[in-house]
Amino acid sequence: MKLLGFAALAALLLMSVPAEAGQVKFSDGPGSPGGEFIITVVSGNVGPYTVGESWVGFCLETTEYMNFSDTFTATIADYAHKGSDPSGKDPLSAESAYLYTKFSEGTLLYDPADPGLGGYNGTATDADALQRAFWILEDETYSGGTATQTLKWVAEAQNAVATGAWIGLGNVRVMNITNDSTGKLAQSQLIMVPVPAAGLLGIAMLSGLAVVRRIRRRRG
């Protein structure tokens with residue numbers, strides 16, 4: 001019965017996440033250069049998002065670009081096309097995943113040790129600081145200064161990974177895009193896949209698999 005329950009849960013999880021392909025358009029948010037960008041699905045599905053749904057993304061590369069007029073075909077991966085990796089597949093860092101998760105949850109503070117200072121509030125200053133943190137954590141080079149807040153967020157993310165408080169990518173992935181007009185690769189963006197509710201199912205499924213493994217070990 002337990003095995004059937006876990007199988008059903010796995011099937012439900014897969015059903016909850018739409019096909020990871022579709023077309024998107026961009027509109028500008030606070031911050032320049034880089035995010036925030038408002039990304040809207042205009043055709044098909046992109047991860048958990050369907051036509052008309054939007055989310056806020058940030059750039060992962062400094063050598064790729066996008067615009068607010070063209071349509072882009074999107075695919076989901078755990079790496080950015082091009083980026084700083086010579087192989088052309090630049091793996092997303094756990095540190096970037098940590099920061100984007102905190103941003104998406106609305107729990108990104110200016111200083112975790114002093115919650116009274118508040119947190120990310122969506123101003124251009126905050127968006128610039130966070131965008132530069134992602135570029136640093138992805139080993140990208142860029143021109144322009146580095147705000148003190150950027151360095152604080154970089155240090156927080158690095159500490160979370162170094163201490164084991166954060167492991168892996170969680171629900172964060174990369175949306176790689178191709179310009180439908182030119183056929184060329186464009187600026188990779190951050191995305192949450194799956195949505196948190198499906199993520200909870202994933203945790204439950206993994207817990208179930210762990211139980212199955214323990215049962216098998218005992219029987220062996």
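Derivation of every value follows stated rules applied to the coordinates shown; laboratory data play no part. Because the structure is predicted, anything quoted here is derived from the model rather than measured. Note that each Cβ is placed from the backbone with ideal geometry, even for glycine, and that neighbours are counted across all protein chains shown.
Annotations for the structure displayed:
- You can think of it this way: the chain between Val42 and Thr63 has 5.0 nm of extra reach, that is 0.36 nm per residue less the Cα-Cα gap.
- Residue-span extension gain [Thr71 to Glu53] - 0.36 nm each, minus C-alpha spacing: 5.0 nm
- Taking other residues whose beta carbon is less than 11 angstrom from the beta carbon of Met66, and scoring Lys, Arg as +1 and Asp, Glu as -1, yields -2.
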